[in-house]
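FYI, it's all coordinate maths here, none of it is from the lab. None of these values were measured; they are calculated from a predicted model. Every residue, glycine as well, gets a Cβ built from its backbone with ideal geometry; the counts of neighbours run over all protein chains shown.
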Amino acid sequence: MKQEETILTRHPEGKKGVNILRRRYDLTAQALLDTLRERGEMGAMDLYEAAAARLEEHLDGKPLWYAVTVKLDLEARGVLGTRKQGGAQKVFLKKGT
């Protein structure tokens, strides 16, 4: 039986990442990026929930957990940026992505 490819995620604060299946990572990253391209900058929880809603039919497990984990990875890789606004975290696509 062939073993599926995994990816070790990164964390923007240098904390230890987790291994997840590449196919789950790719689905989740696409859901996050598509949501931000469609809606623009948005609150982190709104982004997580919107991405999780897109993923419910495609992922086994907890879509919200994947959304948070992959968002942190994309932030660590410089694809997403965050900023604080009134105590809430706003997430945006960095230029060129």
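Treating the beta-carbon of each Lys and Arg as +1 and of each Asp and Glu as -1, no other charges, what is the dipole magnitude of the chain about its Cα centre, to the nearest 20 debye?
Details: 18 positive and 14 negative charges, 91 e Å.
Here the chain has a charge dipole of around 440 debye.
Could you work out the local net charge near Met42, counting Lys and Arg as +1, Asp and Glu as -1, over the other residues with Cβ closer than 15 Å to its Cβ?
Local net charge: +2.
May I ask for the distance between the Cα centers of the stretch 1-20 and the stretch 26-53, given as a whole number of Å?
Using only Cα atoms to place each centre, the spacing works out to 20 Å.
As a check on your grasp of the helix formula, calculate [θ] at 222 nm for the chain: sum -39500 (n - 2.57) over DSSP H runs of n ≥ 4, divide by the residue count, round to the nearest 500. Please report the intermediate quantities before stating the final value.
Details: 3 runs with 44 residues, N = 97.
The per-residue figure over the chain is -15000 deg cm²/dmol.
Of Asn19, Gly96, Leu59, which is farthest towards the positive pole of the chain's charge dipole, taken about the Cα centre with +1 and -1 on the beta-carbons of Lys, Arg and Asp, Glu respectively?
Farthest towards the positive pole: Gly96.
What are the residues whose amide H is under 5 Å from the amide H of Met42, where those residues sit 5 or more places off or on another chain and H is modelled from the backbone?
Distant-sequence amide H within range of Met42: Val91.
What lysines does Lys90 reach when the alpha-carbon gap must be under 25 Å and sequence neighbours fewer than 8 apart in one chain are set aside?
Lys15, Lys16, Lys62, Lys71
Which entry in [x] 92; [y] 104; [z] 123 matches volume of the Cα convex hull per residue in Å³ derived from the coordinates of this structure?
Among [x] 92; [y] 104; [z] 123, the one calculated here is [y].
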